[in-house]
1. I'm told residue 32 meets every condition in (1) touching a helix residue (DSSP H, G or I) at 6+ places or on another chain (Cβ under 7 Å); (2) within 16 Å of the ligand (Cβ to nearest atom) except one. Can you identify the failing condition by its number?
2. If I filter the range 30-44 down to residues being open to solvent by 10 Å² or more (accessible area, probe 1.4 Å) and in a loop (DSSP other than H, G, I, E, B), which single residue comes out as nearest to residue 263 (Cα to Cα)?
3. Could you please find all residues in the range 270-296 being open to solvent by 30 Å² or more (accessible area, probe 1.4 Å) and touching a strand residue (DSSP E or B) at 6+ places or on another chain (Cβ under 8 Å)?
4. Out of the range 8-29, which residues are part of a helix (DSSP H, G or I), farther than 20 Å from residue 64 by Cβ and within 16 Å of the ligand (Cβ to nearest atom)?
5. Being within 16 Å of the ligand (Cβ to nearest atom), among the polar types (S, T, N, Q) and without any contact (Cβ under 8 Å) to a residue 40 or more places away in the chain is the filter here, so list the residues in the range 122-156 that pass it.
6. With the requirement that a residue be within 16 Å of the ligand (Cβ to nearest atom) and either open to solvent by 10 Å² or more (accessible area, probe 1.4 Å) or out of contact with any strand residue (DSSP E or B) (no Cβ under 7 Å at 6 or more places or on another chain) (or both), what does the range 58-68 give you?
7. Against the definition (modelled with pLDDT under 65 and closer than 30 Å to residue 209 by Cβ), how does residue 256 come out, yes or no?
8. Which condition from (1) within 20 Å of residue 24 (Cβ to Cβ); (2) of a type in the set (D, E, K, R); (3) modelled with pLDDT of 95 or more is the one that residue 213 breaks?
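The values are calculated or read from the model by the stated rules, or taken from the named source; none is laboratory data. Note that this is a predicted model, so its numbers are computed, not measured. When we count neighbours, we look across all protein chains shown, and the Cβ atoms used for this are built from the backbone with ideal geometry, even at glycine. The protein model used for the area step is the full one, side chains on, heavy atoms only, and it has no ligands, DNA or RNA in it. Shrake-Rupley method; radii C 1.70, N 1.55, O 1.52, S 1.80 Å.
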Amino acid sequence: MPQSSSPIGVFDSGVGGLSVLHMLLAAMPNERFVYLADSANAPYGERGDAFVAARTHAITQYLCEQHHIKALVVACNTATAAAIHEVRSSHPELPLVGLEPAIKPALAVTKTGHVGVIGTRGTLTSAKFGKLMTSLADQAHFVVQPCDGLAHAIERSVALPAIAPGSPVPATETGALCQRYLQAMGGFGTGPGQMDTLVLGCTHYIFVAHELRALVGPDVQFIETGEPVARQTRRLLEAAGLLTLPSLSHPSDQPASREGQPSVQLLTTGPVAMMEAAAERWLNLPPSLCRSVSVP
Ligand code: DGL
């Protein structure tokens, strides 16, 4: 049975879920986390449901058996769409949080009633997303755009120099893909008929927020799911009596200093150098936390 001293597992096809881990760390500073990037098999978005479901199952097993996780955050919209139901039924004891494109929260934000949704092909063509869209279709006009190749390009861009806020769209692979896909969607802005809200339906996409911003202008609202997912995870752990509370004798005691266990472990099935670069660039975490693992 899960114990409150155990870590929380977080998993994505690659480094995109680090955007969710960032929010989880902020919401639960006393917890330990094991993050697993399946970068050797990324991207999931164009792989098909059977492959993504099999990987999700293998990784859940690995995190349960090797790390005795007390909860799992599937920080990947594509894996959630393909496999969350199976994981829930094969691990009924495990508090489980998945991600889906936040089109419902977008309804509360849009004023023009025109909402753009970007994500992977796997997510946006899934039955799960189709059902969600059908239930909300009469409340706004949604423009849905699968962005083939964008998550993969973001994985590869980790080693490139960061884009400063406010810069023009750079002549990079990620910049060119963002431009191609957003242009295909139509007009962004706050005028009648324009999309004033953009749902980032893939955890990788927050890492090209500057490129997206340069294309849609300053007034379009971006909706992503990291923060609500962190709140939901905290709620689930609290309800299950599994939340780690600060120690009374040392209230500022961080898990990093307890029992010699780091508060964050960053595992990857791909090249460890990529995880090291991503951890430093996006989370300001040291390379010593990163390790490569094999999950057959
Ligand atoms: N980051 C993932 C998501 O949220 C998947 C990206 C991919 O591997 O295609 O959907």
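1. Unmet condition: (2).
2. Going residue by residue through the range 30-44, those that are open to solvent by 10 Å² or more (accessible area, probe 1.4 Å) are 30, 32, 39-43.
Those still in the list that are in a loop (DSSP other than H, G, I, E, B) too: 30, 32, 42-43.
Numbers: 30: 8, 32: 4, 42: 25, 43: 27 Å.
Restricting to residues being open to solvent by 10 Å² or more (accessible area, probe 1.4 Å) and in a loop (DSSP other than H, G, I, E, B), the top hit is 32.
3. Selection gives 271, 272, 274, 276, 285, 289, 291, 292.
4. Of the residues in the range 8-29, the ones part of a helix (DSSP H, G or I) are 18-27.
Those left that are additionally farther than 20 Å from residue 64 by Cβ: 18-19, 22-23, 25-27.
Those that are part of a helix (DSSP H, G or I), farther than 20 Å from residue 64 by Cβ and within 16 Å of the ligand (Cβ to nearest atom): 18, 19, 22, 23.
5. Result: 125, single match.
6. Listed by number, the list holds a single entry, 58.
7. Considered against the rule, which asks whether it is modelled with pLDDT under 65 and closer than 30 Å to residue 209 by Cβ, residue 256 comes out as yes.
8. Answer for residue 213: the failing condition is (1).
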